[in-house]
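**Q** Quick one: the structure is below, questions incoming.
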Amino acid sequence: MTRTIPDMGSFPRSVAVAATEGMLHFELSLAYEVFGSAPAALPGPWYDVTVCGTDAVRVGRFLLEPDCGLDRLAHAGTVIVPALADVDQDPPAELVEAVRAAHESGARVVSLCTGAFVLAAAGLLDGLSATTHWAHTDDLAARYPRVKVDPDVLYVDNGSVLTSAGKAAAMDLCLHLVRRDHGPAVANVVARRLVVPPHRAGGQAQFVTTPVPAQDGHPLAELLPWVMRRLDQPLTVEDLARQANMSSRHLARHFRSITGTTPLQWLLTQRIRRAQELLEATDDSIDTIASAAGMGTATTLRRHFHRAIGVPPDAYRRTFRA
């Protein structure tokens, strides 16, 4: 699940990525890859990306030479603050001040993962909803009690201040910005180039427990693809247990261990994702999509979809269709 408000206007073309000692290279590189590489046949201008820091800085295990100083953040349309490796210490004061100055100058300020601690230290999150990596949400809430920390979402969009959860959710937020600035068609092209989904449903709570392993050795390796091919059918827990050749109790234990949720909740999530795909890629009616996603009726689809995604299917289609 994500929380968002409507776009505030034409897109800020200049993007400044903050780089200071102690930042993690994954989120910094991810942001540079998304905003620094224009998709082919783009019908308009793309972003101009600058890396801003103080002299040479060590980012992860790499030594990075920034393009300019942190004072340039105040001249950017969008400021990206990547993750901090150590959140037990206060963020660098010069970074906090530069981010605050950039926001006061009208920049859109975006934190990735634990970069939210910088925004919180700058006072930009006071009174707002925000998120960070699930392992640090309690710490963020304790240290900055004026921030409304939401541990269950992938990202939060407050218009000019945005925060993301950990790691892969940083990609979700970056693609969300592309979608806001350039529309869903361009965001889909960027996502396809990066081989990632253009939009993921659900919140980061689903990633707290053990994810589905990439290898084929886990007990549900054959069952999960079997279910995905039959989402349009009225499957029950008993059907899944019978196909997996195990009792419903054993099935539930394996699902909890491998996916972090129950068989029915996992099945519902897959049905909603299928509905999202069809809403984005087809002109099928809501009734047709409800049937294809195994929801039965449009009423059932609307109820579950709205509860999971936060908007009804029609609104979702208008947002994510070019």
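Here, each number is a calculation from the coordinates, and none is a lab measurement. Predicted model only: the values in this text are computed from it and were never measured. Here the Cβ positions follow ideal geometry from the backbone for every residue, glycine too, while neighbour counts run over all protein chains shown.
**Q** Need the full-extension length gain, A142 to E104, defined as separation in residues times 0.36 nm minus the C-alpha distance. One decimal, nm.
**A** Working: separation 38, 0.36 × 38 = 13.68 nm, distance 2.56 nm.
Gain on stretching A142 to E104: 11.1 nm.
**Q** First select every other residue whose beta carbon is under 13 angstrom from the beta carbon of C68; then total the charges, Lys and Arg +1, Asp and Glu -1.
**A** So the environment of C68 carries a net charge of -4.
**Q** Just want to confirm a number: the relative contact order over the chain, from Cα pairs under 8 angstrom separated by 6+ residues, in percent. Please report the intermediate quantities before stating the final value.
**A** Numbers: 584 pairs, mean separation 46.5, N = 322.
Relative contact order comes out at 14 percent.
**Q** While we're here: Taking amide H positions as placed 1.01 Å from N in the peptide plane, with prolines and chain starts having none, which residues 5 or more places from S111, or on another chain, fall under 5 Å of its amide H?
**A** V81, L162, T163, S164
**Q** Once the Cα gyration tensor of segment 30-109 is diagonalised, what are the square roots of 5 times its eigenvalues, in whole Å and ordered largest first, as equivalent ellipsoid semi-axes? Please list the in-between numbers first.
**A** Numbers: eigenvalues 112, 56, 26 Å².
Working through the eigenvalues yields semi-axes of 24, 17, 11 Å.
**Q** Here is a further query. Explain nothing, just compute: Karplus ³J(HN,Hα) = 6.51 cos²θ - 1.76 cosθ + 1.60, θ = phi - 60°, for every residue of segment 107-122 in order, whole Hz, x for Gly and Pro.
**A** 6, 7, 10, 10, 10, 10, 6, 6, x, 4, 5, 5, 5, 5, 5, 7
**Q** Right, another one. For the chain, count all C-alpha to C-alpha pairs, find those more than 25 Å apart, and express that count as a whole percent of the total. Kindly include the intermediate steps, with their values, before the conclusion.
**A** Details: 27879 of 51681 pairs.
That fraction is 54 percent.
**Q** Here's a follow-up. Starting from the amide H of Y155, placed 1.01 Å from N in the peptide plane, find each other amide H under 5 Å away whose residue is 5 or more places distant or on another chain.
**A** Answer set, sorted by chain and number: R3, A165.
**Q** Also: Kindly write out, for segment 222-231 in residue order, the coupling ³J(HN,Hα) from the Karplus curve 6.51 cos²θ - 1.76 cosθ + 1.60 (θ = phi - 60°), rounded to whole Hz, with x marking Gly and Pro.
**A** Values, residue by residue: 8, 5, 4, x, 4, 5, 4, 7, 10, 5 Hz.
**Q** Further question on the same structure: On the first, second and third principal axes, largest extent first, how far apart are the outermost C-alpha atoms of segment 14-194 in Å?
**A** So the three principal-axis extents are 47, 37, 32 Å.
**Q** Next question. Given a cut-off of 16 Å, what percent of all Cα-Cα pairs of segment 209-320 lie beyond it? Intermediate values should be presented prior to the final figure.
**A** On the way: 3682 of 6216 pairs.
Taking all Cα-Cα pairs of segment 209-320, the fraction more than 16 Å apart is 59 percent.
**Q** Next up: In debye, nearest 20, what is the charge dipole magnitude of segment 104-186 about its Cα centre with +1 on Lys and Arg Cβ and -1 on Asp and Glu Cβ, if you could check?
**A** Rounded to the nearest 20 debye, it is 100 debye.
**Q** Along the positive direction of the dipole of the chain (beta-carbon charges: Lys, Arg +1; Asp, Glu -1; about the Cα centre), which of S111, Q233, L73 reaches farthest?
**A** Q233
**Q** Spin-label point model (7 Å from Cα, Cβ direction): what's the R303 to L128 distance in nm?
**A** Between R303 and L128, the simple spin-label model gives 3.7 nm.
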